[in-house]
Amino acid sequence: MAASFGLQTISNARPYWLEQIPYSALIPTLAAGGQAALFPAVQGWNPANNPATLVRLDQIGATRWPGVQLDLTSDTSRDRYDLGMWPADLAPVVTDRVARTRLAATLVNTTAAAVTNLQLTYRITVWAEPIAVKVLYGWPLTVQEQALARQLGLDVGTASQRGTLPMDLDRIIEGTYRNRLIGTPLSYALAATASPTTGGLSFHRVQVPPNTLMVVRSVAMAGTLEDGVQLHIDRDSDTDHVILDAATLTLDRPVQMFVPAKTSLNFRLTAATAPPAPTPVRLEIWPVSLSNILRIRLGELDQAGAEQLLGAANGQKLYAAVKAGMN
């Protein structure tokens, strides 16, 4: 995967139903009056008549720099923010820019002097949003989704239904993933060696047991800009699914994420130059026992399978509730 958000991010996330992917970026020089894309404009991931995937720019952390402005576009909405209003130490600011068709982020230097070593972090959510979320935003439903909604008594034709049913993501994560933990979430807390060799050095590997989902929830580490240490997370068959600059992270404030794996995780450290000492790293990884709800979300259990497993009435009810976002 590329080191910045793009269409491949969305494509790789879709089989997992929900992902929250963190990114870090360094802009070495931003000329006076110049501009640079935090990530190139991303668009066209949804068919017009079936917006099956919601994308959200959750938050952005940035070097505080008065006069450098952040230009954000989500669908037809556009706003500018001055980085002089950002907190220190790359602490993230919540943006929650929800997009159905287009998302873009550009930095504009409105000052008369060049800006150097501008550091940024951001997080993207990719979600195969359920029916209730589509109703919330007034997005079109497929014929099958309309039938499932009617089965549950959800009137999708009235504006009064908008916003009344969907569970927010925090509740979904706590209520259907965290409550399925079958082991300690603290997976690694040691110092690891970063190497300037191609591919770096692997310091932690996780094989996903049967009937389990391993979810990377947070990373904390420390590094310097000069050493150029980067953390690489390989997820299943996707090498470099996550790439983070150690210089943008701290041990005191872990970067939060939600990156599920079905078969394996591999963590590597690379460096521009060999650091004088090992890099401290702390990983939080949830071992989650798969439930029927999660199997439906992951596409491993369809309606026919749910009916065969639970009986026609119960299977149909569970499948509809999961697809609607009510379970």
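The values are calculated or read from the model by the stated rules, or taken from the named source; none is laboratory data. As the structure is a computational prediction, the values presented were derived from the model and not from experiment. Neighbour counts are summed over all protein chains in view; Cβ atoms, including those assigned to glycine, are modelled from backbone coordinates with ideal geometry.
Brief remarks on what is shown
- Test for Thr53: is it within 20 Å of Val259 (Cβ to Cβ) and among the polar types (S, T, N, Q): yes
- For the residues Leu269, Leu283, Leu251, Leu265, the requirement of being farther than 26 Å from Ser11 by Cα, hydrophobic (A, V, I, L, M, F, W, C) and touching a residue at least 24 places away in the same chain (Cβ under 8 Å) singles out Leu251.
- Just so you know, in region 271-288 the residues that are part of a loop (DSSP other than H, G, I, E, B) and surrounded by 19 or more Cβ atoms within 10 Å (Cβ to Cβ) include one that is nearest to the chain's Cα centre (by Cα), and it is Ala271.
- Boolean, Ala220 is small (Gly, Ala, Ser) and either buried (at least 20 other Cβ atoms within 10 Å of the Cβ) or over 26 Å from Pro92 (Cα atoms) (or both): no
- Single unsatisfied condition, Gln144 versus (1) farther than 21 Å from Ser4 by Cα; (2) of a type outside the set (Val, Ile, Thr); (3) in contact (Cβ under 8 Å) with a residue 12 or more places away in the chain: (3)
- Hey, Asp155 among the acidic types (Asp, Glu), at pLDDT below 90 and surrounded by fewer than 19 Cβ atoms within 10 Å (Cβ to Cβ) or not: yes
- Flag for Phe203 being out of contact with any Cys (no Cβ under 8 Å at 6 or more places or on another chain), surrounded by 20 or more Cβ atoms within 10 Å (Cβ to Cβ), touching a residue at least 60 places away in the same chain (Cβ under 8 Å) and more than 26 Å from Gly6 (Cα to Cα): yes
- Failed item, numbered, when Gln35 is tested on (1) touching a helix residue (DSSP H, G or I) at 6+ places or on another chain (Cβ under 7 Å); (2) among the polar types (S, T, N, Q); (3) under 29 Å from Glu226 (Cα atoms): (1)
- Top-ranked residue in region 296-306 [being within 23 Å of the chain's Cα centre (by Cα) and within 15 Å of Pro130 (Cβ to Cβ); ranked as surrounded by the fewest Cβ atoms within 10 Å (Cβ to Cβ)]: Gly299
- Candidates Ala41, Ala36, Ala25: the one that is touching a Lys or Arg at 6+ places or on another chain (Cβ under 9 Å), assigned by TED's automatic domain parsing to the domain that holds Arg102 and hydrophobic (A, V, I, L, M, F, W, C) is Ala41.
- Answer residue from region 169-190, given it is over 21 Å from Ala220 (Cβ atoms), part of a helix (DSSP H, G or I) and in contact (Cβ under 8 Å) with a residue 40 or more places away in the chain and is nearest to the chain's Cα centre (by Cα) among those: Leu169
- Selection status of Ala247, part of a loop (DSSP other than H, G, I, E, B), aliphatic (A, V, I, L, M), out of contact with any strand residue (DSSP E or B) (no Cβ under 6 Å at 6 or more places or on another chain) and not assigned by TED's automatic domain parsing to the domain that holds Arg64: no
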